[in-house]
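Visitor: Below you'll find the structure I mean.
The numbers here are math on the coordinates, done by the rules we state, and not lab data. Remember, it's a predicted structure, so these values are computed and weren't measured experimentally. All Cβ positions, glycine included, derive from the backbone under ideal geometry; neighbour counts span all protein chains shown.
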Amino acid sequence: MAQDVKKLQGRKNNLITWRFIKNRLMTVFAFGTILVMLCILISVLITLFVNGLSGLSFFTLTHMTAPQGLPGGLLNPILGSIIQVGIAIIIVVPTGILGGIFLAECSNKKLSTIIRFIADIMMSVPSILIGLFVYILLVMTMGYSALAGSVALALLALPVIARTTEESLNMVPSAIHEAGFALGAPKWKVILFICLPAAKGGIITGILLSISRMAGETAPLLFTSLGNSDWSWNILKPMASLPLTIYQYADSADDTWIKLAWTAALLITLFVLCLNLIARIYVDRHRKKD
Amino acid sequence: MLLKQSGYRKDKKIIPFLFTSSMWCGGALIFLIFLGLIFELFWQGKQAFSVFGFHFITSTDWNPGEQQFSAGAALIGTLVSSCIGVVLALPLSFGCAYCLNELMPQRFSKYITATIQLLAAIPSIILGMWGFFILVPLMSQYVQPFLQNLFGNVPYIELLFSGGTYGIGILTAGLILAIMITPFITAIMQESFSNTPVMLKESAYSLGATRWEVMHQVIVPWVQKGVVGGVVLGWGRALGETMAVTFVIGNAHHASWSLFMPSNTIASLIALEFSESAVGSLKMSSLMALGAVLMVISFVVLFCSQLLLKQVLKSR
């Protein structure tokens, strides 16, 4: 009798120890995965800084790309990237916000559900296919141009901005909405002058994040703006951009070109990370205000 | 009467009309782009589909000299590399989400979540470069010889790890994809984990459950669909990833059992070959047809993931 009790108790203790050991193991595993991800991020950043920082000089920023063997800089890709992303923003911000208003305010619930679903899918559609689409649509008729590149970037950002606009419009308290109506304002006035300003924080965050995504996109630009090793101002002609320059230079055998590619990579990454940090701080501040 | 005379009514009609119609245009644009994307790719790829027929998908030939094109090898490369990516990303992101949501105090986890999300913001071409210059040498010197030693004598499995240790190949591509999609899956998992009712968790703790038991037996069953949806969404993203994969996969048009051999994916094949094909040629049409195949696969995958995620949101 006493032996049986002891046996049972032993089994119970074993079970408890095993449960706690398992818990401990999983905790270690979970912290391990975090550590792995942080190590990868740090490794990427260190590699970028070690290889790219030496090329980051006044000369690089103020000189154009040069043929192999000659000293060259990154001025035209930097300007090209800024121009193309700028045009893309001009195209996408109004259309994206309109799409977002449609999703949030359309009275036909079935239709808006379908379009919301499509926008969600579009957010993850391979960017290279968007490039092919714009190639068929614009490049086949007009030839390679910076404008086509901007359209491709805009198409990538459109669903993102539409969805973030919708979500932040939905976050606006309905009391504010109704107060506008109670004052006798028509629907368009309520949406444009009351809801949109109230949803400003979320919309701006969405725009910032999509700018950071557009700045690093390469695949759709391959077939649309083609890249240009020369000075390029005309938006109807091929234009250089930082990601395309990286793609072209990183594969080459020339050491100075590879170095320039690292510098370009460092520039893009710094830009993207800064935008992300700004967006995050902005969101935090808005949350605190509420 | 007075209002009518002052032109007030006219005003009242035009602006709302303009507003509603531009709003509808914004919505319709998203719809039209999507339809256009599918239609145009099939339309341009029509020539390749009609020349090769069903062979286009089943065969693995890619020989521009003989005008032989097919999607088989690239399709296998795409599916295998993205599956490796998902298989590696799943435990990583589960561990991260578990740790960030359940184990860490909130004031730390907030910052670490932000840091891990920064990894998702790094453009894919930069991860590709990092993979090419850092990961590939590591793979060829340490990981691949190690795997060959480990599995070299196991029948069947050794086929997967045969061949030279060049560092490039499907396995490396899968690794890069895993790194890229882990932050996405982590974010979705974290969101679904935090949707679990606190009362359920508390009652499990009060019964004496350990943290892992709460995770394993309360939270995971509760959020199953969301987690699966997130993983499938990550898979959808991995399918179409171009730049990072192009750098490390080696780009060779052939299918083999070995994970160490250079191969290619649909996206990397399109990116590489596109500039070398003339408008209107059979090769260009084949590339468009490849795009259409990729579109169909990713559409099906993304559709399923959205359905799963929607169900979770509805049940909330």
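Visitor: Starting from the Cα gyration tensor of the protein assembly as shown, take the square roots of the eigenvalues, sort them a ≥ b ≥ c, and report rounded, prolate or oblate (rounded when a/c is under 1.5, otherwise prolate if a/b is larger than b/c, else oblate).
Guide: It is oblate, given that a/c is not under 1.5 and a/b is not larger than b/c.
Visitor: Mean Kyte-Doolittle of at least 1.6 and a Cα length of 30 Å or more along the axis: which whole DSSP H helices of chain A meet both?
Guide: A:75-105
Visitor: Here is a further query. What are the aspartates and glutamates whose alpha-carbon lies under 13 Å from the alpha-carbon of residue A:187, with same-chain residues fewer than 8 places away excluded?
Guide: A:105, A:178
Visitor: Starting from the Cα gyration tensor of chain B, take the square roots of the eigenvalues, sort them a ≥ b ≥ c, and report rounded, prolate or oblate (rounded when a/c is under 1.5, otherwise prolate if a/b is larger than b/c, else oblate).
Guide: oblate
Visitor: Can you work out the FRET efficiency for the pair residue A:259 and residue A:7, with r the C-beta to C-beta distance and R0 = 51 Å, to the nearest 0.05?
Guide: Calculated transfer efficiency: 0.10.
Visitor: So how do A:178-184, A:44-50 stack up, highest first, on mean other-Cβ count within 10 Å?
Guide: A:44-50, A:178-184
Visitor: Using a Gaussian network model of chain B with C-alpha springs under 10 Å, which one of B:299, B:69, B:19 is most mobile by mean-square fluctuation?
Guide: B:19
Visitor: List the DSSP H helices in chain B whose Cα atoms stretch 18 Å or more along the helix axis and whose mean Kyte-Doolittle hydropathy is at least -1.0.
Guide: Correct list, ordered by number: B:8-52, B:72-98, B:106-121, B:170-194, B:220-240, B:282-315.
Visitor: A follow-up question, please. Out of B:170, B:249, B:38, any idea which swings most in a Gaussian network model of chain B, alpha carbons joined below 10 Å?
Guide: Result: B:38 has the largest fluctuation of those listed.
Visitor: Follow-up. Would you be so kind as to identify which of A:222, A:14, A:46 lies farthest towards the positive end of the dipole of chain A, taking Lys and Arg as +1 and Asp and Glu as -1 on Cβ and the Cα centre as origin?
Guide: So the residue furthest toward the plus end is A:14.
Visitor: Here is a follow-up. Provide a whole-number value for the mean count of partner chain Cβ atoms within 10 Å of the Cβ atoms in peptide B:91-104.
Guide: Across the residues of B:91-104, the mean count of other-chain Cβ atoms within 10 Å is 5.
Visitor: Okay, next question. Just to confirm a number: summing +1 for Lys and Arg and -1 for Asp and Glu over residues other than residue B:82 whose beta-carbon lies under 11 angstrom from that of residue B:82, what do you get?
Guide: 0
Visitor: Something else: Work out the count of Lys pairs in chain B where the Cα-Cα distance is under 22 Å, with the pair 8 or more places apart or on different chains.
Guide: 8
Visitor: Using unit Cβ charges (K, R positive; D, E negative) and no other charged atoms, how large, in debye to the nearest 20, is the dipole of the range A:2-55 about its Cα centre?
Guide: That gives a dipole near 540 debye.
Visitor: Residues with amide H under 5 Å of residue B:249's amide H, sequence separation 5 or more or different chain, H placed in the peptide plane at 1.01 Å from N; which?
Guide: Here the answer is B:169, since their amide H atoms fall under 5 Å of that of residue B:249.
Visitor: Determine the shielding of peptide A:148-159 by partner chains: average, over its residues, the number of Cβ atoms on other chains within 10 angstrom of each Cβ.
Guide: Taking all residues of A:148-159 together, the mean is 1.
Visitor: A further question follows. Shape of chain A from its Cα gyration tensor (a ≥ b ≥ c, root eigenvalues): rounded if a/c is under 1.5, otherwise prolate when a/b > b/c, or oblate?
Guide: Cα axes put chain A in the oblate bin.
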